[in-house]
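Presented below is the structure to which this report refers.
The values are calculated or read from the model by the stated rules, or taken from the named source; none is laboratory data. Quick caveat: nothing in here was measured; it's all calculated off a predicted structure. We place every Cβ from the backbone using ideal geometry, glycine too, and count neighbours over all the protein chains shown. Heads up: the accessible areas ignore ligands, DNA and RNA and are worked out on the full protein's heavy atoms, side chains in. Shrake-Rupley method; radii C 1.70, N 1.55, O 1.52, S 1.80 Å.
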Amino acid sequence: MVTYHDPNDPFLILLAPPLDETPEQCKAREAEEEAARKVSLRIDEELKAEKAAIKKKKNGVKVLVLGQSESGKSTIIKNFQLAYAYQAWLDERASWRSVIYLNLIRSVNHILEILALEMSNQDSSRHGPSPATARSLAHLRHSEESETDVSDDETFVAQPPFAFTGKHKLLKLSLAPLRGVQKDLEVQIGAGASEPEDLSIWYDCTDAAPFAEVERLAARPSNPRRPNEFFIRSNCGWKETLNKLRPRLSTSPDHPNPPQKGKQNSVVEILVGCSANIKSLWTDEVVQAVLKRRNMRLEESSGFFLDDVSRIAARNYEPSDDDVLRARLRTVGVQEYKFKIEKGSEIGRDWYMFDVGGVRTSRAAWFPFFEDCNAIIFMAPISCFDETLEEDHRVNRIKDSILLWKAICSSKLLSKVQFILFLNKCDLLGAKLKRGTSKIQDYFPDFANEHIDVKTIAAYFRHEFKRILKNSTSSPIRPMFAHMTSVTNTKTTAATLTSVRDTIVHNTLLNADFI
């Protein structure tokens, strides 16, 4: 076959080599052209792979887990992995060891800080506190306002002095190295422990649902003020960091004293050496009295491991399923969890669950993830009816959840998405009601039921969320599935997850016209 080339073809003229090209120049040009061809082929392969990944992702199940900070979002995703992707869970479980160490040490250092301030304040009470102590006490009071909801006059009135002894001074000295250990662990974990970028310049950070404003702006033909990178911010590097730490921190029953190097070795060895003193600090009656007077209940917070010191502060410690569920690591941005279902009717299918930042300054980043979403699990902790937001002490936490829920229900992008409501932390609600320190009517006056228990309070809030969904949607029938949960309890949560999974799968097939 003879190919005809038009000598007047502009492309041939453009691509033709120079007439005075030397052999060396010809060789260099051909090498450049070959390198360019390889780059082009690689880009084509990457685009092809990306297209295949997008197609595969569309065949999977995409679930957003929404809610304010510390509502239980990460924990419910862990429960899903534990229930339906257990082998992948096992592969990752040991990587959480350093996070659990960090949780334990942070609790100890927090107690030591409070203990030091109380002892210093008590010693200087006759002559008045020093300026440094006064500033520290003022800072501590401010940080506790959101937890106690008690005025300064009530908290810091004249009280009988605590019976501090030389034992408490020795505990402070012996546990002082844990401050350095905490810093080392935070450096090792890196981005996962950092504070989120302040995005409030792009929206009103006092709004419960700033993504609603973003959705409205996105509907305009153009919005030059909003930067392109605003919606692609993600911070998933902490998992890779933990996996790198895993081999050096890992131990086994067959090798209870494996060789370790550097800071990883010091973390384990210092914890082992401090184990008895940590336990002595936590169980000390005077320390417990200090915490009680300040209305601090560390045992009800996420990441609490002080009751497990003897087990965790050991050279052969391996995290259990329950340890990982209770571990607390504040993540920044949107975290994607991909896992393949290992059992049940959906075996082999990919699930994509997204945990988004819950603080108000992070919520504007939610909007891009609403597209192609199959279901939303909304976490609403109901034990915090008497608590305020960490980022805004003027706002009640449950009222913030209600405003957030209303905005989500009103989103047009989510008009066909299945909503699943988790009224979470029912166990903590029961403990709070048993103590009788707060009355729900003081915060929600329209709660009229005379019989106050976990079920009646849950029913009250379920009715409120259901009413908002009904009033916020144009669809005549839009079912809402609500569950009372305590997601740190794997046994009770497992049955709930089965129902949730079936609901999501059924709705996904329905929207795809398969049923």
| remark: Plugging the Cβ-Cβ distance of residue 455 and residue 41 into 1/(1 + (r/R0)^6) at R0 = 56 Å yields, to the nearest 0.05, a FRET efficiency of 0.30
| message | If packing is taken as the average number of other Cβ atoms within 10 Å across a peptide's residues, how do 79-85, 267-273, 41-47, 169-175 rank, most packed first? | response | 79-85, 267-273, 169-175, 41-47
| Dipole of the stretch 389-499 (Lys/Arg Cβ +1, Asp/Glu Cβ -1, origin at the Cα centre): which of 398, 431, 459 lies farthest to the positive side? | 459
| request: For 279, 432, 292, 425, give the ranking by accessible area with the largest first, probe 1.4 Å. | output: 292, 279, 425, 432
| task | Multiply the residue separation of residue 439 and residue 266 by 0.36 nm, subtract the distance between their alpha-carbon atoms, and state the gained length in nm to one decimal. | result | 57.6 nm
| task | Compute the relative contact order of the stretch 396-493 as a whole-number percentage, counting only Cα pairs closer than 8 Å that sit 6 or more residues apart in sequence. | result | 46 percent
| Each label point is 7 Å from the Cα along the Cα-to-Cβ direction; what then is the distance between the points at residue 467 and residue 403, in nm? | 1.9 nm
| query | Given the pairs 73/466; 434/470; 416/466; 73/343; 62/406, which are separated by over 27 angstrom at their Cα positions? | reply | 434/470
| Leaving out ligands, DNA and RNA but keeping every protein chain, what accessible area does residue 345 have, in Å² rounded to the nearest 10, with a 1.4 Å probe? | 100 Å²
